[in-house]
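Everything on this sheet refers to the single structure shown next.
The values are calculated or read from the model by the stated rules, or taken from the named source; none is laboratory data. Keep in mind it's a predicted model, so treat the numbers as computed, not measured. We place every Cβ from the backbone using ideal geometry, glycine too, and count neighbours over all the protein chains shown. With ligands, DNA and RNA removed, areas are computed over all heavy atoms of the protein, side chains included. Shrake-Rupley method; radii C 1.70, N 1.55, O 1.52, S 1.80 Å.
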Amino acid sequence: RLDRAGAQTRMEEELFYDGYARQLLPFGLACLAAGVWSLIGRRRLLPAVIAAAATAALIDDVSNGERMWRKLVTRPKRTWNVVAHAGDPAGERTLVVLAHHDAAPTGRVFDQSLQKWGARRFPWLIARIDVSLPIWWPVAGAGGLVAGGAASGNRKLAAAGIALSALIVAIAVDIAHSPIVPGANDNLSAVAALVALAELLRERPVPGLRVLLVSCGAEEVLQGGIYGFAERHFPNLRKDRTWFLNLDTIGSPELIMAEGEGPFWMEDYTDPGFRDLIARTAERIGQPLRRGTRSRASSDAVIPSRAGYPTAMLASWEPGSKVLSNYHLMTDTPENLSYDTIERAVTITHAVASELAADTGGAKLQ
């Protein structure tokens with residue numbers, strides 16, 4: 001489809017280290033064993049060190065740190081990124097539009113009933129919250145409780161850590177053995193947007209701007225293919241003339257712009273001026289975006305942002321409950337998409353490309 005739209009497209013094979021439920025499960029088991037040891041044994045320091053080390057390794061992995069654990073216990077696997085060159089091939093500036101084409105496993109933990117009930121019961125509270133739930137905090141907190149209880153000799157604290165670790169282990173096992181979701185919203189909605197954007201760029205060119213339409217593989221392992229793209233392409237992409245716009249889960253009813261992300265600590269994306277440009281452009285074309293939202297999950301956007309590129313992300317949610325429609329559920333199918341939202345994302349992205357090409361604000365972002 002990208003080829004037929006006139007984009008020069010190729011598949012790039014990359015290597016990645018697998019992660020997520022199966023690979024992180026040993027951390028929960030280590031914390032569980034350390035907690036039990038601290039209760040029945042006489043030694044307190046060693047169980048505390050084990051729990052603290054497991055927690056630190058988990059935080060490092062989930063936060064896209066050095067990831068020594070997954071590199072130690074897994075072998076590199078193959079994935080494929082799709083990279084399409086659109087726009088003006090002679091352009092001095094580049095807009096990289098990201099998506100990902102893999103899908104996630106489901107699991108009982110992704111059931112949205114409780115959050116939707118809370119939205120109906122406490123709508124005033126949901127209206128004030130623009131940051132997604134910190135789903136990784138309890139995972140790390142389990143090991144923290146065990147380490148603290150073991151080090152201090154506080155049996156109640158250690159017992160609480162054991163109980164939470166057992167719950168985390170059960171959740172990880174459930175996810176690891178659950179089927180892969182259809183992935184229409186997360187993230188074939190954005191893949192479709194890349195194709196539509198290629199077609200729109202063919203019909204309405206933006207002279208002076210190169211546009212890279214990039215769909216990465218292995219995003220759902222907490223970032224995989226994006227590392228290969230970074231290693232291959234970042235050396236040729238100048239930070240003062242390149243912008244990254246990540247499209248992730250854009251098939252819910254309300255389109256939003258995320259300002260940052262972080263499973264444990266929040267990192268705002270590089271260069272707020274780029275996000276201001278997107279907001280102004282969306283307002284100008286009559287497609288205003290909700291500002292100020294941030295994600296407690298991780299996405300491919302964090303990699304270019306940390307590298308110093310101006311970065312933003314378009315996502316979507318259900319405005320009443322602020323859940324991502326059918327997120328990691330088997331109901332994430334095409335008939336449950338909001339196609340108007342996907343179209344809005346395409347329209348805004350093309351308008352942003354036109355702004356950058358015309359240099360009405362792009363050169364002032366740095």
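Report yes if some residue within region 127-135 is at pLDDT 95 or above and in contact with a Leu (Cβ under 9 Å, 6 or more places away or on another chain); otherwise report no. Lay out the reasoning, then the answer.
Let us first name the residues in region 127-135 that are at pLDDT 95 or above, namely none.
Scanning region 127-135, I find no residue that is at pLDDT 95 or above and in contact with a Leu (Cβ under 9 Å, 6 or more places away or on another chain), so the answer is no.
In region 289-325, which residue that is open to solvent by less than 30 Å² (accessible area, probe 1.4 Å) and farther than 27 Å from THR270 by Cα is farthest from the chain's Cα centre (by Cα)?
So, considering only residues that are open to solvent by less than 30 Å² (accessible area, probe 1.4 Å) and farther than 27 Å from THR270 by Cα, the one farthest from the chain's Cα centre (by Cα) is SER321.
Among the residues of region 135-157, count how many are within 18 Å of the chain's Cα centre (by Cα) and open to solvent by less than 40 Å² (accessible area, probe 1.4 Å).
Looking only at that region, the number is 2.
Looking for something at pLDDT 95 or above, open to solvent by 40 Å² or more (accessible area, probe 1.4 Å), under 17 Å from ALA21 (Cβ atoms) and outside any helix (DSSP H, G or I) - is there at least one such residue anywhere in region 158-168?
No.
Which numbered condition trips up LEU277, out of (1) among the aliphatic types (A, V, I, L, M); (2) buried (at least 17 other Cβ atoms within 10 Å of the Cβ); (3) under 24 Å from LEU289 (Cβ atoms); (4) in contact with a strand residue (DSSP E or B) (Cβ under 6 Å, 6 or more places away or on another chain)?
Single failed check for LEU277: (4).
Got a sec? Which of ILE126, ILE135 is in a loop (DSSP other than H, G, I, E, B), touching a residue at least 24 places away in the same chain (Cβ under 8 Å) and not hydroxyl-bearing (Ser, Thr, Tyr)?
After applying the criteria, what remains is ILE135.
Residue under question is ASP240, and the condition is that it be over 16 Å from the mean Cα position of the chain (by Cα), of a type in the set (Asp, Glu) and either buried (at least 22 other Cβ atoms within 10 Å of the Cβ) or in a loop (DSSP other than H, G, I, E, B) (or both); does it hold?
Judged against the criteria, ASP240 is a match.
Taking PRO272, is it surrounded by fewer than 16 Cβ atoms within 10 Å (Cβ to Cβ) and over 25 Å from CYS216 (Cα atoms)?
Judged against the criteria, PRO272 is not a match.
Please count how many residues of region 38-48 are touching a residue at least 40 places away in the same chain (Cβ under 8 Å) and of a type in the set (A, V, I, L, M, F, W, C). Write out each step before concluding.
Just the residues of region 38-48 that are touching a residue at least 40 places away in the same chain (Cβ under 8 Å), to begin with: 38-39, 44-45, 47-48.
Of the ones still in play, those that are also of a type in the set (A, V, I, L, M, F, W, C) are 39, 45, 48.
So the answer is 3.
Can you tell me which residue within region 193-212, out of those that are open to solvent by 50 Å² or more (accessible area, probe 1.4 Å) and in contact with a helix residue (DSSP H, G or I) (Cβ under 8 Å, 6 or more places away or on another chain), is nearest to PHE244 (Cα to Cα)?
PRO207
Could we say that SER321 is small (Gly, Ala, Ser) and in contact with a helix residue (DSSP H, G or I) (Cβ under 8 Å, 6 or more places away or on another chain) here?
Working: small (Gly, Ala, Ser): yes; in contact with a helix residue (DSSP H, G or I) (Cβ under 8 Å, 6 or more places away or on another chain): yes.
Yes: the conditions hold for SER321.
Out of the residues in region 213-235 meeting the condition of being within 28 Å of SER354 (Cβ to Cβ) and within 19 Å of the chain's Cα centre (by Cα), tell me which one is surrounded by the most Cβ atoms within 10 Å (Cβ to Cβ).
Top of the filtered list is CYS216.
Can you report the number of residues in region 106-123 which are in a helix (DSSP H, G or I), charged (D, E, K, R) and open to solvent by less than 100 Å² (accessible area, probe 1.4 Å)?
Qualifying residue count for the region: 1.
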